[in-house]
Amino acid sequence: MTAKAYDPHFHRILTWALLALLPAAMTLPVQAQETADGATLEPIVVTATRSEQNISDAPASISVVTGEELKTAPVGDVSDAVRQLPGISLTAGSQGRREVSIRGMDSSYTLILLDGKRVNSREAVFRHNDYDLGLLPVEAIDRIEVVRGGMSSLYGSDALGGVINIITKPDADTWRGSLDSQVQTPLEGEGGQEYRSSLYLSGPIVPGKLGLTLLGGLSKREIWKAYDDEIIPGTDINRKNLTTLEGRQDHSGRARLTWTPDEQNTVEAEYGRSYQRRHGKFYFRSYDEMDSTVIRDDASFTHRGDWDWGQSELRAYWERSEPTSGEDKLVQNNYTLEGNISAPWGRHFFTLGGEARWVDLEAPGEFESGGASTHQQALYLQDDILITEELSLLLGARLDNNKYFGTHLTPRGYLVYRPTSELTLKGGVSTGFKAPTLRQLSTDSVVTSCRGACTIVGNPDLEPETSTNYELSIAYDKRDWGTSLTVFQNDVDDLIDIPRQGDGGTYEPINIDKARIRGIEMTANHVVSDFGRVTANYTFLDARNRDTDKLLANRSRHSINGRFDWFIDDRTTAFLSGEYIGEQRTYGRSGKGDDIEGYALFDIGINHRFTDSFELRGGVTNIFDKRTDDPDDDYSFAERGRTVYLGANLSF
């Protein structure tokens, strides 16, 4: 890999709007809290600017899922928690593992944060890209903030599509804890039983000075076999013996110490360790038995200051991913040092920050040189300007310096106008920059894929991907109902893709010159007195290769989500939710495009709190047993069939 001079591309701002009224359906939104006098308090978010803001004032499209909402449904990982939000779709990793895509961008453009720290294991865990989504037990999560749209000006190259920030519960002032357990079993096929338990324990060691939080999670899923009794043509393999959904075992633990010596200073030290095993039997052009294990460690040290002039934060963290079995033996170490200060000055609120990251790969079996490394540094500046009491303007820019591609500037501008407390208009333009990964760049890297039928090698001629994002939205929210409409467009240059055609061979990533992804997001919600709540969203997506005008693969053009919550009494609630994943285009080995039919999923459940500390929940997911595991249908991943679940939560 040789250094290249990078020439940044800038685009003219496009004027584009779609006027449409399309049926909305339902999702799981954050609920505003009420004060004692009945006034509504807006949710507070931090991800859009790294500082606290009301969600309506935040310069971005944001959805929030609270920890309490996570308990009302059979949530296994983050993909379950966010899949019914507007603009969100699930895509397939290896072995059909689910990954999160935002507004049609590949899942690699979704930045996962844990309490603001990036989670970065994609280099080492090539076949375990869903690992980050199972990082924490649900019981440990306070809320999940999802920012839709490019955020590279603040978070860097991984945030071209958006950001998912998993925010854990803070240390408790008095000792308290909770234990959550859940079992699920499919009613169709063979196996697939899943068991999950998580523990949260928090309290003061020295009251007012030193606090401790302990988190733990255990989960196990048996292999699910749901294929029909059929011999695969040209082989002696019976499809019914193959794995539809892989088996998995996860164990994780995390400890955090928080020291507050005075009102101005807070110091946190945190350590986590996770273990994951994946196993199954698959056939894709060839037969393959998979049994792999990944161990992950991470540690961080953080100082936060609350001063008379503003706030500061300085953080250093390390993470290590190490496969201990299976084909991949590539070890990844990430080191990050970052900090920022923020302060008001008249009608301005400034945030100035910097970041330095180093990535080291150790892979004697894959790299002839024994490994590879890269580093990147960045400075960013953001000014949130209160022009009037109703109008604010955010201006920001990030300057990245990449080892292989030099410096690149990613600016962003965003307006928020609130003429009344109910009406909000937002809009802005942001840019993004994403350098190829070490594996994508290096010809020294040779990865076996396609169940052993092909190999993937790096391409040193790759160019960085760049993007320009446009967004315009209007929202109207009253106490018992609300609605919103957002139009967006993302123009991507030099999009990296791995075209795979034929029955095998050697493939390499290439740059697609231009791609365009645009769409509409609509939401609606209504509280029906004390009886219940209806919430809805609809997403239209048009994602194309601008050079060929072909639709990009495996992106649903229409998606609808819906949920009705019934408040039976003070201790009992029930819900019915629905999700429609619309028609999408797929390209087979011949390169000819085919359309995959859309499908709908429906879930039902009930929660009952027996006492203030004990709660039971149960229900059925995929009520009508919609299946996507037929190999001839070419769906990107298999939805689990009709499944019964039962869960319990004990707090103490």
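The values are calculated or read from the model by the stated rules, or taken from the named source; none is laboratory data. The shown structure was predicted, so the numbers you read here are calculated from the model rather than taken from an experiment. Glycine also receives a Cβ, built like all others from the backbone with ideal geometry; neighbour counts cover every protein chain displayed.
Within the bounds of segment 566-575, is there any residue that is acidic (D, E) and either under 30 Å from G519 (Cβ atoms) or in contact (Cβ under 8 Å) with a residue 12 or more places away in the chain (or both)? No, there is no match, as no residue in segment 566-575 is acidic (D, E) and either under 30 Å from G519 (Cβ atoms) or in contact (Cβ under 8 Å) with a residue 12 or more places away in the chain (or both).
Screening I205 against (1) in a strand (DSSP E or B); (2) touching a Ser or Thr at 6+ places or on another chain (Cβ under 8 Å) leaves a single unmet condition, (2). If only residues of segment 132-189 that are closer than 24 Å to G203 by Cα and hydroxyl-bearing (S, T, Y) are counted, the one that is surrounded by the fewest Cβ atoms within 10 Å (Cβ to Cβ) is T174. In segment 593-622, the qualifying residues are those that are under 19 Å from L90 (Cβ atoms) and among the hydrophobic types (A, V, I, L, M, F, W, C), and the one that is surrounded by the most Cβ atoms within 10 Å (Cβ to Cβ) is L601.
Report yes if Y200 is within 30 Å of D633 (Cα to Cα), in contact (Cβ under 8 Å) with a residue 40 or more places away in the chain and either surrounded by fewer than 16 Cβ atoms within 10 Å (Cβ to Cβ) or touching a helix residue (DSSP H, G or I) at 6+ places or on another chain (Cβ under 8 Å) (or both), otherwise no. Criteria not met by Y200. Scanning segment 292-326 for residues that are farther than 21 Å from Q377 by Cα and aliphatic (A, V, I, L, M) returns V294, I295.
For segment 593-652, the strands (runs of 3 or more DSSP E) that sit wholly inside it and include 3 or more residues that are in contact with a strand residue (DSSP E or B) (Cβ under 9 Å, 6 or more places away or on another chain) and either closer than 24 Å to H558 by Cβ or of a type in the set (V, I, T) (or both) are 593-596, 599-611.
Could you tell me whether E322 is surrounded by 16 or more Cβ atoms within 10 Å (Cβ to Cβ), at pLDDT below 90 and in contact with a strand residue (DSSP E or B) (Cβ under 7 Å, 6 or more places away or on another chain)? When the stated conditions are applied, E322 passes them.
Would you mind stating whether G428 is crowded, with 19+ Cβ neighbours inside 10 Å and closer than 20 Å to D493 by Cβ? Yes, satisfied. Once segment 507-537 is narrowed to residues that are touching a strand residue (DSSP E or B) at 6+ places or on another chain (Cβ under 7 Å) and assigned to a loop (DSSP other than H, G, I, E, B), the residue that is nearest to F488 (Cα to Cα) is P509.
Annotation note: Cβ proximity below 8 Å between a residue of segment 401-428 that is under 15 Å from D477 (Cα atoms) and a residue that is part of a strand (DSSP E or B) and among the acidic types (D, E) (sequence gap 6+ or interchain) occurs for E422/D477; T424/D477; K426/E471. Condition check for S467 on (1) touching a residue at least 40 places away in the same chain (Cβ under 8 Å); (2) more than 24 Å from the chain's Cα centre (by Cα): one failure, at (2). Is it the case that segment 316-324 has a residue that's touching a residue at least 12 places away in the same chain (Cβ under 8 Å) and over 24 Å from the mean Cα position of the chain (by Cα)? Scanning segment 316-324, I find at least one residue that is touching a residue at least 12 places away in the same chain (Cβ under 8 Å) and over 24 Å from the mean Cα position of the chain (by Cα), so the answer is yes. With respect to (1) closer than 30 Å to V457 by Cα; (2) in contact with a Phe, Trp or Tyr (Cβ under 9 Å, 6 or more places away or on another chain); (3) surrounded by fewer than 18 Cβ atoms within 10 Å (Cβ to Cβ), the lone exception for D549 is condition (2).
If you check R398, R296 for being over 30 Å from T431 (Cβ atoms) and of a type in the set (D, E, K, R), only one passes: R296. Taking the criterion of being aliphatic (A, V, I, L, M) and under 30 Å from T407 (Cβ atoms), the residues of segment 147-170 that qualify are V147, M151, L154, A159, L160, V163, I164. Would you be able to say whether some residue in segment 300-310 is buried (at least 17 other Cβ atoms within 10 Å of the Cβ) and assigned to a strand (DSSP E or B)? The answer is yes, given that some residue of segment 300-310 is buried (at least 17 other Cβ atoms within 10 Å of the Cβ) and assigned to a strand (DSSP E or B).
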